[in-house]
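Below: one structure, written as structure tokens.
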Amino acid sequence: MPHSRLVLALCLAPLPAFAQPLQNPSATRIEANVVKPAPLEATPERVAGLKLPAGFKIEKFAEGMKAPRVIVVAENGSLYVSDRDEGTVTMLDPSDPTKRRVVLKKPDVHGLALHDGRLFYVTVKEIFSAPIQADGTLGPETKLVADLPDAGQHPNRTIGFGPDGWLYASLGSTCNECEERNPENATMVRMKSDGSGREIVASGLRNTIGFDWDPRTKALYGWDDGVDWHGDNETPEELNRIEAGKKYGWPYIFGAGMKNLYREVPKSSLEQWDKDSARPLLTWTAHASSMQFTFYDGAQFPAEHRGDAFVTMHGSWNRKPPSGYEVLRVRFENGEPKSVEPFVTGFLVEGGPSGWSRFARPFGLAVAKDGSLYLGDDQHGIIYRISYRG
């Protein structure tokens, strides 16, 4: 697809008294680009050309997975991998990934979590759990939740169990930026493991697909995807410390304080919304599209990696040049995130009809029992293994 460009001109001025008043009369010009990198095959030569820090190696672990999304690893090392497009969860043997078995068929299944010998899984509107049997297959399922809010633009629900034993669910916005009618949209909610007691933890989160708890401090962190159509460099992807009762800006305040000129805050003001919103701790290139996020608690990587975190960036369509198509490392010091840096790059290359091509769209990410990392590519149905050889 060729590169295209859209220029939006906003001229905001006061309206007559009978119409909704515009609180922030102003004018601005936004240039937005659409660049879709062309797909390439993941040939051995291309994989060998990927860039990682010295001592690290990446290789194909499993192929033929169609469109793998979320990856979780059980106590025995087995992988459970969701595929929203196929509506399946597949179990893989870590010692022989050709030994795989579809253990669940459920339309739109996406987020996965393991807890007390059960696999929990979420679709667009429902959350279920099922016991994991001795052979890794699933027993009879229990429906825990049947009334999650409409998903709209963001049907990719994700879930996880916190140190408090509660089940957390990220419920993205229905849109790019809009005024939601359901208070649970664009939030993080939590509930007991039986689905009862559901409550909103934090709001103003456009779509926090990747979230995890620091194993040392027990703090919850999540990567929130920025909005589209505000230009190549706006708005950035955000790393937030998600704390109970806080809101994180969307849909009126983005990044370090950028105001959304498309919207008027009902019964309030942009200034007040800004004052009430928490800032991100770190940010990354706009439109990179953050996905699964995990803290590293393995023993294979060098000691300085323990306590750091990794996140996949699925890749952009609304930026020139494209961003994402990589794995990032988030460095922590004394329990605080300090910096973000590339960890695996090279999936995106120059050339092709739009000027760019790619041979992976990174999504799933999980720590293996041996301390390596599993990395899922939902473009070619490949799961990679990242290991350290020293």
On the formula 1/(1 + (r/R0)^6), with r taken between the Cβ atoms of Arg216 and Ala27 and R0 of 41 Å, the FRET efficiency rounded to 0.05 is 0.25
In terms of the alpha carbon gyration tensor, root eigenvalues a ≥ b ≥ c, rounded if a/c is under 1.5 and otherwise prolate when a/b exceeds b/c or oblate, segment 228-275 is oblate
Filtered hits (lysines, Cα-Cα < 23 Å from Lys275, offset >= 8 within chain) -> Lys246, Lys247, Lys259, Lys267
Taking a label point 7 Å from the Cα of Asp194 along Cα-to-Cβ, the residues of segment 122-137 whose backbone nitrogen sits under 19 Å from it are 127-132
Once the dipole of the chain is set up from charges on Cβ (+1 Lys and Arg, -1 Asp and Glu), the residue from the list Ser354, Ala169, Pro266 lying farthest towards its positive end is Ser354
Quick calc: nm separation of the 7 Å Cα→Cβ label points for Lys51 and Asn233 -> 2.1
The whole-number value in µm²/s of the Stokes-Einstein translational diffusion coefficient for the chain, with Rh from the Kirkwood sum over alpha carbon pairs at 20 °C and 1.002 mPa s, is 99
Quick calc, Asp93 & Glu304: beta-carbon distance into FRET formula, R0 30 Å, rounding 0.05, result 0.45
Zone reached by a paramagnetic label modelled 7 Å from Lys143 Cα along Cα→Cβ, restricted to segment 76-115 with backbone N below 16 Å, covers 105-109
Residue separation between Asp116 and Thr345 times 0.36 nm, minus their alpha-carbon distance, gives in nm 78.8 nm
With R₀ set to 30 angstrom, the calculated FRET efficiency between the beta-carbons of Arg331 and Asn76, to the nearest 0.05, is 0.45
Rounded to two decimals, the Debye log10 I(q)/I(0) of segment 145-269 (Cα scatterers, no solvent) at q = 0.21, 0.22 Å⁻¹ is -1.24, -1.34
Between the modelled labels at Asp276 and Asp85 (7 Å from Cα along Cα→Cβ) the distance in nm is 4.1
Taking only C-alpha positions in segment 281-390, Rg and Dmax in angstrom work out to 14.3, 46
Once both label points are put 7 Å beyond Cα along the C-beta direction, the Gln133-Lys369 separation in nm becomes 2.0
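Each value in this text was obtained by applying a stated rule to the coordinates, not by laboratory testing. Everything quoted here is computed from the prediction, not taken from an experiment. Every residue, glycine as well, gets a Cβ built from its backbone with ideal geometry; the counts of neighbours run over all protein chains shown.
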